[in-house]
Amino acid sequence: MPDATLFQPPGPPERHGGRFLRVVVERGIERGRDDAGLTYWTNDEAIRPGDRVRVPLGRGDTPTGGIVVEVGGADLAQGFDVSRIKSVLGHARSHLTPDLVGLARWIAAYYVCPLGMVFGSILPAAVKRGVGTRQETRLDRADAAPDTLAPATRSAWEGVAALPASAFPARPRDLADRLGHATRRQVNALTRLGLLVPVRTEKVEARRAILGVASEPSVSGIVPTPAQRRVVEGVSETLGSFAVHLLRGVTGSGKTEVYMGAIERLLALPGEPASAVVLVPEIALTPQAVARFSARLAHAGVAVLHSGLTGAQRHREWTRTALREARVVVGARSAVFAPTPRLGLLIVDEEHDASYKQDQLPRYHARDVAIKRAQIAGCPVVLGSATPSLESWSNAGAGRFALWELTDRVGGGTLPRVRIVDLSHDAATPVEQRAVPRDGAIGPTLDRSLRRCLEGGGQAILLLNRRGHARFVHCTDGRCGWVLVCPSCDAAMVFHKEPRVPRGGLVKCHHCRAEQVFPRACPACAGPVRADGMGTQRVEEELEERFGASHGVRPGSTLLRLDSDAMERADDYHRALERFGRGEVRVLLGTQMVAKGLDFPGVRLVGVINADLGLSMPDFRSGERTFQLISQVAGRAGRGAAPGEVIVQTLSPRDPSIVRAAAHDYRGFAERELGLRIAANLPPAWRLSRIVCRDREAEKALARARRLADALEPFRAPTFRVDGPMPCVFERLHDHWRFGVEMCAARAADLQRAMGELRRRGLLTSDRHTAVDVDPVWLF
């Protein structure tokens with residue numbers, strides 16, 4: 001739709017009366033006081049703070065969107081010649097609530113990001129463009145009719161006059177139907193006579209998003225346990241005031257029931273209606289979550305917000321939320337910005353998940369933004385997880401968060417038995433040696449358990465957090481040592497098997513997405529090359545080879561692979577989960593998305609193909625992530641009547657992260673890991689910020705990083721550490737060299753003071769050459 005249709009006509013250029021506006025344009029403009037905005041003039045009395053307008057920007061007066069942050073008189077000109085102040089070009093229909101404007105200011109300051117870029121992220125592009133919006137003509141009723149009308153027209157008018165006022169404005173076809181007319185002839189006659197007055201209205205049309213999967217059980221007759229009721233009561237006591245609640249509940253303990261119970265208490269409160277927002281970390285989790293909340297809270301309206309929706313769907317759900325047609329919002333990270341007129345409760349499910357951290361500008365963490373939004377709105381926020389982040393656990397231990405725990409599964413179920421299998425000693429029997437390949441991904445112990453599971457009518461989930469067929473391509477001659485590395489990145493290229501492509505497949509970079517055909521020979525010595533290291537494609541092939549004929553395991557039928565290669569759209573995830581829920585699929589193989597939040601009672605076996613992958617990462621959080629991933633995926637087993645079993649394959653069977661996860665010992669793991677972090681002055685004991693300088697020329701990137709490190713020297717202290725400049729783990733990505741500077745301080749305020757000073761001096765700017773990551777979750 002042309003941009004002009006989204007805006008009202010511009011005001012006149014003269015300055016007689018009117019008002020002045022401060023507008024923050026949706027651009028990466030740094031201006032000392034970043035939130036000050038630019039001053040414009042308008043005669044539109046309807047414009048208010050939070051409205052989106054279109055303004056001329058720069059010497060070319062480029063039409064640019066922006067958010068009004070202040071409305072006032074000539075004092076906003078700050079002594080500038082008012083006759084030279086440019087006029088607003090148009091007034092859009094989209095609006096940000098005062099709490100969202102305040103939240104945007106906080107994000108811009110805390111995460112060191114231009115305010116205009118934050119506004120641009122909060123308001124979805126589909127809403128800005130009016131995607132799915134169309135103009136339609138409706139008819140309103142005139143006050144009176146003339147005495148002389150033809151009999152048929154008089155009869156039609158009497159029918160119109162008898163309709164209630166709420167029936168107008170009405171679509172012509174709907175009006176004819178209510179009058180009992182087969183055609184619109186008399187409606188058209190009344191329109192020509194001026195008895196029905198055409199009015200133009202805007203309507204958002206969209207197909208509704210997929211709301212859930214067919215496997216969801218009925219919600220009738222659910223009785224909360226005493227432990228669940230205690231948590232609901234505790235959260236409900238804080239409705240109407242700011243509080244942070246951390247809910248640690250083992251997998252299957254009924255955290256969702258607590259969420260719904262607290263929302264029901266909110267919806268029942270008298271006075272101005274309040275809304276609730278529920279965040280889930282992955283689009284893949286949305287169907288089950290929405291199905292549960294819709295089944296229980298349909299009377300309040302449930303909206304869905306995530307990036308997997310079409311533009312029209314997202315615009316529709318945003319509008320439903322803003323108009324209070326939906327008072328419960330469920331979505332992924334960006335749903336934290338849902339335009340609820342009055343927010344009453346925020347819930348962050350799986351609060352530990354790293355996908356809540358955005359990896360591009362603005363680099364916010366949705367969990368922490370949710371806490372800040374709840375503080376601004378004066379409402380409670382609930383953080384739920386079976387394996388809370390150490391940041392949240394530490395805050396609960398310090399008394400800043402209220403801690404609630406659900407230590408038992410509902411219905412008398414027990415946590416699954418977890419077996420750690422040392423692959424270096426996992427021996428096959430003589431009979432098994434003929435069927436189990438030595439270099440296979442599935443060891444003898446997991447092979448036996450999977451056979452028992454399938455023969456007993458159960459379902460299985462297998463986790464391997466590596467997509468593709470093989471992790472690297474190399475020369476077979478050990479003396480050569482050649483490995484295929486991406487020409488644009490400091491990373492090995494991954495082999496993806498595609499039979500219709502020459503030489504059997506493509507090698508791809510998982511960072512810049514470059515791809516090429518599998519090489520014929522080693523470019524260094526002309527010797528043969530091979531692909532090694534397992535990925536989900538290879539395990540899929542192995543499952544068919546070993547269980548296809550004997551147990552009917554067939555890819556695409558009874559075996560589904562859940563990774564970003566096989567599941568390209570949100571609908572693909574939804575359909576896959578529906579099929580698994582109906583029992584059509586016996587084995588679900590995937591990356592970390594299969595570890596999160598899925599609740600299927602038929603799952604009897606969970607297998608972790610390689611638990612060591614995360615431990616090899618050069619990151620102080622690698623142990624925490626390994627513990628969380630194993631604990632979460634293990635929790636998918638044994639949720640039905642049959643007991644669950646979990647097999648964890650590893651070459652590090654004594655690693656504390658794996659041992660504690662197998663024992664379901666979160667407290668023991670957290671106590672040990674927090675002690676290590678305190679001793680090393682690492683988060684959450686200290687706070688961390690990271691600056692990465694990027695450039696196509698390594699010398700320029702390094703020089704920029706050195707200038708920043710030098711500028712931070714005055715801030716060095718026993719409680720303020722500066723590390724770098726140093727090459728990043730991936731020294732080159734997307735043809736850009738990368739050098740990092742890390743700041744670690746005992747107090748977040750000290751980091752903010754240092755970065756704020758560099759920002760004011762123009763030394764620190766978030767742009768394409770400099771990435772500022774406050775509270776980073778990855779250090780690559």
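Every number here is computed from the coordinates shown, using simple stated rules; none is lab data. If you're wondering where the values come from, they're calculated on a predicted model, not measured in any experiment. Ideal geometry is used to build each Cβ from the backbone, glycine not excepted, and the neighbour counts take in all protein chains shown.
Taking 17 Å as the straight-line reach from the Cα of Lys497, the aspartates and glutamates in range (excluding those fewer than 8 positions away in the same chain) are Glu515, Asp532, Glu540, Glu541, Glu542, Glu544, Glu545, Asp563, Asp565, Glu568.
Per residue of the chain, the DSSP helices (runs of n ≥ 4 H) give a summed -39500 (n - 2.57) that works out to -9000 deg cm²/dmol at 222 nm. Fully extending the segment from Arg500 to Glu158, taken as 0.36 nm per residue of separation minus the present Cα-Cα distance, adds 116.1 nm. Please work out whether region 531-690 counts as rounded, prolate or oblate from its C-alpha gyration tensor, where a ≥ b ≥ c are the square roots of the eigenvalues and a/c under 1.5 means rounded, while otherwise a/b larger than b/c means prolate and anything else oblate? Here region 531-690 falls in the prolate category.
Figure the gain on full extension for Ala46 and Ser83 (residue separation times 0.36 nm, minus the Cα-Cα span) and round it to one decimal in nm. Show your work: numbers first, answer last.
Values: separation 37, 0.36 × 37 = 13.32 nm, distance 2.20 nm.
In short, 11.1 nm is gained.
Would you kindly state how much longer the chain becomes between Ala74 and Leu651 on full extension, computed as 0.36 nm times their sequence separation minus their alpha carbon distance, in nm to one decimal? Before the final figure, lay out the partial values.
Details: separation 577, 0.36 × 577 = 207.72 nm, distance 7.13 nm.
Computed gain between Ala74 and Leu651 is 200.6 nm.
Legend: residue pairs Lys86/Lys372; Lys128/Lys700; Lys86/Lys128, Cα-Cα distance threshold 26 Å; pairs beyond threshold, Lys86/Lys372; Lys128/Lys700. At an R0 of 51 angstrom, the distance between the Cβ atoms of Gln516 and Leu763 translates into a FRET efficiency of 0.80.
Under 14 Å from a label point set 7 Å out along the Cα-to-Cβ vector of Arg185, the amide N atoms of region 117-159 belong to 150-156.
How long are the semi-axes of the ellipsoid equivalent to region 612-697, from square roots of 5 times the Cα gyration tensor eigenvalues, in whole Å, largest first? Please report the intermediate quantities before stating the final value.
On the way: eigenvalues 183, 58, 30 Å².
Result for region 612-697: semi-axes of 30, 17, 12 Å.
In the chain, Cα pairs under 8 Å separated by at least six residues give a relative contact order of 11 percent.
Each listed q (0.07, 0.08 Å⁻¹) maps to a log10 I(q)/I(0) for the chain from the Debye sum over equal C-alpha point scatterers, namely -0.62, -0.80.
Between Leu239 and Leu682, what FRET efficiency comes out of the Förster formula 1/(1 + (r/R0)^6) with R0 = 51 Å and r the beta carbon distance, rounded to 0.05? So the FRET efficiency works out to roughly 0.90.
Quick check: net charge around Met493, other residues with Cβ under 9 Å of its Cβ, Lys/Arg +1 and Asp/Glu -1? Mind showing how you got there, number by number?
On the way: positive: Lys508; negative: Glu515.
Taking every Cβ under 9 Å from that of Met493, the sum is 0.
If you take every DSSP beta bridge fully contained in the chain, what fraction is antiparallel? Give it as a percent rounded to 5. Bridges in the chain are about 55 percent antiparallel.
For region 45-85, a/c is not less than 1.5, where a ≥ b ≥ c are the root eigenvalues of the C-alpha gyration tensor, and a/b does not top b/c. That puts it in the oblate class.
From the square roots a ≥ b ≥ c of the eigenvalues of the alpha-carbon gyration tensor of region 662-726, which class results: rounded (a/c under 1.5), prolate (a/b over b/c), or oblate? It would help to have the intermediate numbers written out before the result.
Details: a/c = 5.10, a/b = 2.06, b/c = 2.48.
Taking the square roots of the gyration eigenvalues as a ≥ b ≥ c, region 662-726 is oblate.
Each residue, Arg451 and Ala268, gets one label point 7 Å from its Cα in the Cβ direction; the gap between the two is 5.5 nm.
Among the trypsin sites (Lys or Arg not before Pro) found in region 699-762, those both in a DSSP coil and sparsely packed, with 15 or fewer other Cβ atoms within 10 Å of their Cβ, are Arg716, Arg747, Arg761.
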